[in-house]
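Trainee: The structure that follows is given in the form of structure tokens.
The values are calculated or read from the model by the stated rules, or taken from the named source; none is laboratory data. The shown structure was predicted, so the numbers you read here are calculated from the model rather than taken from an experiment. Methodologically, a virtual Cβ is constructed for each residue, glycine included, from the backbone with ideal geometry; neighbour enumeration extends over all protein chains shown.
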Amino acid sequence: MSVSINILNFSGDAVGQESVAFPLSDHHANEHLVYLMYQHQRKRERSGTGTFKSRKDVRGGGKKMYRQKGTGRARKGGSRSPLMVGGGKAFGRVTRDMSTDLPKKVAKLGVVSALAMNASKLVVLDAPSPEAMKAKEWRGLFGAGNVRFLCLVDDVDRPLSFFNYPNVDVCLITDIPLESILRADSIVVFRDQLVKFQELYCV
């Protein structure tokens with residue numbers, strides 16, 4: 001599946017085109033793989049730290065409240081029973097890992113399918129050294145606040161000046177969130193990262 005994407009300059013003007021080929025046959029981007037990868041990424045982000053105290057974790061108790069027989073009341077072993085006020089929680093949440101397993105090939109095809117389905121959003125930015133530019137120099141491209149951009153970089157710790165724009169999301173080119181792909185209006189690949197992008201997601 002071959003598509004042509006525009007090459008933009010800092011002003012947002014098209015100065016050429018670049019052809020990329022996704023390893024998919026025409027019109028066969030697998031939506032189910034996109035769904036599986038989306039769910040995998042969302043579940044991987046869940047902390048799973050919600051927890052309740054059971055009767056063994058609640059402080060206090062231990063002493064039998066009253067004798068077993070002869071009072072006419074129901075037998076109770078302690079004041080920290082889930083039936084008592086101040087007692088533990090019965091069948092409460094426990095800390096657990098919320099992530100799921102997904103084969104690497106399925107995960108990669110899910111991202112490739114998502115990129116292929118949103119190929120019209122892809123653009124190549126002719127910026128060989130984006131960390132050397134000032135924030136105001138990106139105004140011609142990122143100045144439109146009603147357009148959301150997703151920039152793919154190789155290192156999110158670099159001092160990139162377009163972090164100042166609220167309508168720009170940045171993610172690693174090796175780990176692209178599907179939610180960002182679906183939410184973005186334009187997906188920006190820098191010229192010096194195009195070869196790496198093609199090695200990861202193209203033929």
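Trainee: Which of the following residues is in contact (Cβ under 8 Å) with a residue 24 or more places away in the chain and either assigned to a strand (DSSP E or B) or within 31 Å of the chain's Cα centre (by Cα) (or both): 58, 3?
Mentor: On the way: 58 fails: either assigned to a strand (DSSP E or B) or within 31 Å of the chain's Cα centre (by Cα) (or both).
Within the list 58, 3, the selection yields 3.
Trainee: Same structure again: Among the residues in region 20-29, are any surrounded by fewer than 16 Cβ atoms within 10 Å (Cβ to Cβ) and either under 30 Å from residue 133 (Cβ atoms) or at pLDDT 85 or above (or both)? Show your work before the answer.
Mentor: At the first step, the residues of region 20-29 found to be surrounded by fewer than 16 Cβ atoms within 10 Å (Cβ to Cβ) are 21, 23, 25-28.
Those left that are additionally either under 30 Å from residue 133 (Cβ atoms) or at pLDDT 85 or above (or both): none.
Looking for residues that are surrounded by fewer than 16 Cβ atoms within 10 Å (Cβ to Cβ) and either under 30 Å from residue 133 (Cβ atoms) or at pLDDT 85 or above (or both), one finds none in region 20-29, hence no.
Trainee: Follow-up. Pairs under 6 Å by beta carbon, first residue hydroxyl-bearing (Ser, Thr, Tyr) in region 91-113, partner part of a helix (DSSP H, G or I), six or more apart or different chains?
Mentor: Within 6 Å, the pairs are 99/43; 99/44; 100/40; 100/43; 113/33; 113/34.
Trainee: Starting from region 134-159, take each residue that is more than 17 Å from residue 184 (Cβ to Cβ) and list its partners that are surrounded by 14 or more Cβ atoms within 10 Å (Cβ to Cβ) and of a type in the set (Lys, Arg), counting only C-beta distances under 8 angstrom and pairs at least six apart or across chains.
Mentor: Filtered contacts from region 134-159: 154/196.
Trainee: What are the residues in region 22-64 that are out of contact with any helix residue (DSSP H, G or I) (no Cβ under 8 Å at 6 or more places or on another chain) and hydrophobic (A, V, I, L, M, F, W, C), if any?
Mentor: Residues satisfying the conditions are 52, 58.
Trainee: Continuing with the same structure: In region 56-65, what count of residues is obtained for those that are at pLDDT 90 or above and surrounded by 10 or more Cβ atoms within 10 Å (Cβ to Cβ)?
Mentor: Here the count works out to 2.
Trainee: While we're here: Please name all residue pairs, on different chains or six or more residues apart, with Cβ atoms under 6 Å, provided the first residue is in region 170-195 and is touching a residue at least 24 places away in the same chain (Cβ under 8 Å) and surrounded by 15 or more Cβ atoms within 10 Å (Cβ to Cβ) and the second residue is charged (D, E, K, R) and part of a strand (DSSP E or B).
Mentor: Every condition considered, the pairs that remain are 180/169.
Trainee: May I ask you to verify whether residue 148 is touching a Lys or Arg at 6+ places or on another chain (Cβ under 8 Å), surrounded by 14 or more Cβ atoms within 10 Å (Cβ to Cβ) and of a type in the set (Lys, Arg)?
Mentor: Here the answer is yes, as residue 148 does meet what is asked.
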